[in-house]
Amino acid sequence: MLKIEGLTAGYGQAVILRDVALTAEAGEITVLMGRNGAGKTTLMKSIMGLVKAQSGRICLGETDLAQLPPHKVPGSGVGYVPQGRRLFSELTVAQNIEIGLGAGPKDPASRRETRDEMLELFPRLAERMNQRAGTLSGGEQQMLATARALCLKPQLLLLDEPTEGLQPSMIEAIRQVMLQMRDRGLAVLLVEQRIDAVLDFADRVSVLEMGRNAEDFTRAEIAPGEARLRAHLGV
Amino acid sequence: MDFGPYLMLAMLEGAVLAAVLALMASGLSLVFGVMRVVNVAHGEFYMLGAVMAWVVTQFMAGLGGGAAVNFIAAAVLAPLIVGTIAAAADITILKRLDYDPERVIVATIGVLYIIQQASLMGYGPDAKPVIAPFNSRIALPWFEFGEEGFQIYFPWGLSTTSYKLFVIVAAVVLLFALRLFMTRSRAGLIMRATQLDGEMATAFGIPVERVYAIVFGAGAALAALAGVLIVPIQQAHYLMGGDALLLSFIVVIIGGLGSLAGTVVAAVIIGMSDGIISVFFTPTLAKIIATLAVALVLVFRPQGLFGVKSR
């Protein structure tokens with residue numbers, strides 16, 4: 001599904017990622033870990049084209065995303081839930097969803113169907129359609145950010161620390177949605193800091209250190225390698 | 001004429017200025033709101049609109065068109081031409097500067113002089129009139145409580161023209177349409193999303209640079225439309241953009257940069273006060289007071305009357 005090879009990227013003269021490789025398969029949750037400043041968010045942004053790749057390939061199926069203009073990336077099947085959610089805070093819940101649908105299915109019937117599907121997945125949003133996104137609670141904002149990304153009907157879902165700052169019930173709700181998406185065959189790439197989450201549902205773990213690949217774990221290697229994983233993260 | 005009718009006359013003149021100013025400043029505010037850049041060439045797009053109105057009406061008159069048809073052609077074509085020129089300037093200049101706010105100010109100063117001097121070369125140094133599509137004089141009533149009780153009468157000299165009233169109504173309709181466009185249409189939603197977070201807009205498939213080109217063109221087209229509306233009252237001249245730019249900046253700073261509602265309210269305040277002070281005192285005093293008002297706003301409420309305080 002997603003295959004990144006030799007990716008070097010950064011901001012202006014500053015190189016953040018050096019020769020990074022990563023694979024995320026359909027129907028799997030791949031967790032990207034690393035200490036602060038390791039380059040996890042930059043990698044997510046590079047996949048979205050928001051940080052320009054200086055070299056390397058970011059292939060989603062046959063498409064090299066690195067060669068596309070950034071606004072064409074979501075249309076290729078990549079949904080992005082950024083760190084801090086970054087909703088269009090002055091717009092209503094309905095308008096945020098409308099923006100998400102913009103890069104998704106084109107015909108009105110499919111759009112309506114997708115919108116209804118999202119409201120079924122996150123019933124709380126249905127009650128707040130005309131409320132400004134900035135006035136929602138943290139958990140509701142995370143639901144909206146996830147719904148907005150899923151409106152694209154993505155093959156690959158990028159989630160950058162989606163549970164950061166949320167209460168346990170909301171963390172569980174987000175976890176359930178992720179598992180549901182995995183079961184529907186989406187490739188989920190998740191940036192996560194919580195080791196317990198990784199032990200719970202990760203199919204693969206990839207650790208970044210100082211913008212380089214440090215170590216990769218398959219599902220079978222995660223539990224036995226927990227001590228090494230903790231050492232990488234310094235916890 | 002008594003003070004009351006005289007004040008009403010001054011307010012009508014002010015309302016015409018407010019209407020034109022609101023349209024022009026809305027363009028400036030739209031560009032800043034969405035793109036976060038200050039367009040110093042905005043006054044020249046206003047001037048270009050007026051000049052284009054003259055060019056189009058001359059061309060149409062050559063084809064034998066009547067004043068009304070010529071004016072409608074100018075009102076449609078001049079904003080389209082000016083908007084296209086501005087969008088081209090955005091793509092060829094601002095986009096290459098990555099919309100960096102400081103460099104855009106310098107670049108648009110360059111655009112200002114290019115447009116101004118090109119107009120001087122092509123259009124000439126003289127002010128030229130455009131005939132209003134209709135311009136009948138309308139006597140206005142006043143009232144008094146005399147010995148015979150409440151009386152309505154028509155004082156000598158208290159009148160306006162149908163065209164001036166049309167300018168006020170047209171500006172109100174256009175600004176209302178602009179608000180509806182921004183709040184109710186999908187294109188408006190895309191512009192607002194781009195304004196709120198350009199990077200996230202890109203992450204949801206919005207071609208931000210294309211949106212910027214359209215917004216820059218639309219902002220210039222609004223200024224051009226203001227130029228077309230004013231030219232039957234004021235004549236087109238290649239230096240007319242300077243004062244208009246100053247007043248537009250005053251309006252958007254008082255109203256709050258990027259706030260359309262604030263821009264309209266500030267345009268009414270500045271336009272009306274300019275009209276009234278100009279009639280009772282001098283136009284120079286009106287400009288001094290407006291500039292002083294900007295200074296006070298910048299000191300005591302830097303975000304403007306309707307602007308959001310930046311964190």
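I'd like to know if the stretch A:91-113 contains one or more residues that are touching a residue at least 60 places away in the same chain (Cβ under 8 Å) and assigned to a helix (DSSP H, G or I).
no
Does A:L125 satisfy the condition of being assigned to a helix (DSSP H, G or I), away from every other protein chain (no Cβ under 12 Å) and closer than 25 Å to B:T183 by Cβ?
Judged against the criteria, A:L125 is a match.
From the residues in the stretch B:208-235 that are over 15 Å from the mean Cα position of the chain (by Cα) and among the β-branched types (V, I, T), which one is farthest from the other protein chains (Cβ to nearest Cβ)?
Of everything passing the filter in the stretch B:208-235, B:V215 is farthest from the other protein chains (Cβ to nearest Cβ).
Within the stretch B:270-283, is there a residue that is surrounded by 22 or more Cβ atoms within 10 Å (Cβ to Cβ), of a type in the set (S, T, Y) and assigned to a helix (DSSP H, G or I)?
Scanning the stretch B:270-283 turns up no residue that is surrounded by 22 or more Cβ atoms within 10 Å (Cβ to Cβ), of a type in the set (S, T, Y) and assigned to a helix (DSSP H, G or I).
Name the residue, out of B:T160, B:T183, B:T84, B:T92, that is hydroxyl-bearing (S, T, Y) and outside any helix (DSSP H, G or I).
Every option except B:T160 fails the conditions.
In the stretch B:158-180, which residue that is of a type in the set (G, A, S) and over 17 Å from the mean Cα position of the chain (by Cα) is farthest from the other protein chains (Cβ to nearest Cβ)?
Checking each candidate, the answer is B:S159.
Residues of the stretch B:15-35 being within 8 Å of the chain's Cα centre (by Cα) and more than 17 Å from B:L245 (Cβ to Cβ), which ones?
B:A19
Quick one: which residue in B:F150, B:F134 is in a strand (DSSP E or B) and more than 30 Å from A:L50 (Cβ to Cβ)?
Result of the check over B:F150, B:F134: B:F150.
What are the residues in the stretch B:91-147 that are touching a strand residue (DSSP E or B) at 6+ places or on another chain (Cβ under 8 Å), surrounded by 11 or more Cβ atoms within 10 Å (Cβ to Cβ) and of a type in the set (S, T, Y), if any?
Of everything in the stretch B:91-147, just one residue is touching a strand residue (DSSP E or B) at 6+ places or on another chain (Cβ under 8 Å), surrounded by 11 or more Cβ atoms within 10 Å (Cβ to Cβ) and of a type in the set (S, T, Y), namely B:Y123.
Tell me which residues, restricted to the stretch A:193-221, are at pLDDT 90 or above and more than 22 Å from A:E5 (Cα to Cα).
Answer for the stretch A:193-221, where residues must be at pLDDT 90 or above and more than 22 Å from A:E5 (Cα to Cα): A:A220, A:E221.
Go through the stretch A:88-112 and give me each residue that's at the interface with another protein chain (Cβ under 10 Å from one of its Cβ atoms), of a type in the set (A, V, I, L, M, F, W, C) and under 19 Å from the mean Cα position of the chain (by Cα).
A:F88, A:I99, A:L101, A:A103
I need the full set of residues from the stretch A:72-87 which are at the interface with chain B (Cβ under 8 Å from one of its Cβ atoms), in contact with a strand residue (DSSP E or B) (Cβ under 9 Å, 6 or more places away or on another chain), in a loop (DSSP other than H, G, I, E, B) and not aliphatic (A, V, I, L, M), in order please.
Correct list: A:P82 only.
How many residues does the stretch A:1-22 contain that are surrounded by fewer than 17 Cβ atoms within 10 Å (Cβ to Cβ), touching a residue at least 12 places away in the same chain (Cβ under 8 Å) and farther than 21 Å from A:P69 by Cα?
Total meeting the criteria: 2.
Looking at B:F59, B:F71 in this structure, which one is at negative phi, among the aromatic types (F, W, Y) and surrounded by fewer than 24 Cβ atoms within 10 Å (Cβ to Cβ)?
Just a single option satisfies the conditions, and that option is B:F59.
Taking the condition of being surrounded by 22 or more Cβ atoms within 10 Å (Cβ to Cβ) and under 27 Å from A:A26 (Cα atoms), how many residues in the stretch A:129-140 meet it?
Looking only at that region, the number is 0.
Would you point out the residue of the stretch A:28-55, among those that are basic (K, R) and within 14 Å of chain B (Cβ to nearest Cβ), that is surrounded by the most Cβ atoms within 10 Å (Cβ to Cβ)?
A:K45
Just a yes or no: is a residue in the stretch A:169-177 within 13 Å of chain B (Cβ to nearest Cβ), free of Cβ contacts under 8 Å to residues at least 60 places away in the same chain and surrounded by fewer than 19 Cβ atoms within 10 Å (Cβ to Cβ)?
no
Confirm whether B:G49 is touching a Pro at 6+ places or on another chain (Cβ under 9 Å), modelled with pLDDT of 95 or more, assigned to a helix (DSSP H, G or I) and closer than 19 Å to B:A221 by Cα.
For B:G49, the condition - touching a Pro at 6+ places or on another chain (Cβ under 9 Å), modelled with pLDDT of 95 or more, assigned to a helix (DSSP H, G or I) and closer than 19 Å to B:A221 by Cα - is met.
Taking only pairs six or more apart or across chains, which ones have beta-carbon atoms under 8 Å, a first residue in the stretch B:181-207 that is at negative phi and more than 7 Å from chain A (Cβ to nearest Cβ), and a second residue that is hydroxyl-bearing (S, T, Y) and buried (at least 21 other Cβ atoms within 10 Å of the Cβ)?
B:T194/B:Y212; B:A201/B:T194
Would you check if A:P105 is surrounded by fewer than 19 Cβ atoms within 10 Å (Cβ to Cβ) and under 12 Å from A:L152 (Cα atoms)?
yes
Of the residues B:L180, B:L158, B:L140, only one is within 24 Å of B:M24 (Cβ to Cβ) and of a type in the set (A, V, I, L, M); which?
The conditions single out B:L180.
For the stretch A:56-71, check the following and say yes or no: at least one residue is surrounded by 15 or more Cβ atoms within 10 Å (Cβ to Cβ), within 10 Å of chain B (Cβ to nearest Cβ), touching a residue at least 40 places away in the same chain (Cβ under 8 Å) and of a type outside the set (A, V, I, L, M).
Within the stretch A:56-71 (the criterion being surrounded by 15 or more Cβ atoms within 10 Å (Cβ to Cβ), within 10 Å of chain B (Cβ to nearest Cβ), touching a residue at least 40 places away in the same chain (Cβ under 8 Å) and of a type outside the set (A, V, I, L, M)), the answer is no, since none of the residues qualifies.
The values are calculated or read from the model by the stated rules, or taken from the named source; none is laboratory data. On a predicted model such as this, the values are computed, not experimentally measured, just so you know. Note: ideal-geometry Cβ built from the backbone for every residue, glycine included; neighbour counts use all protein chains shown.
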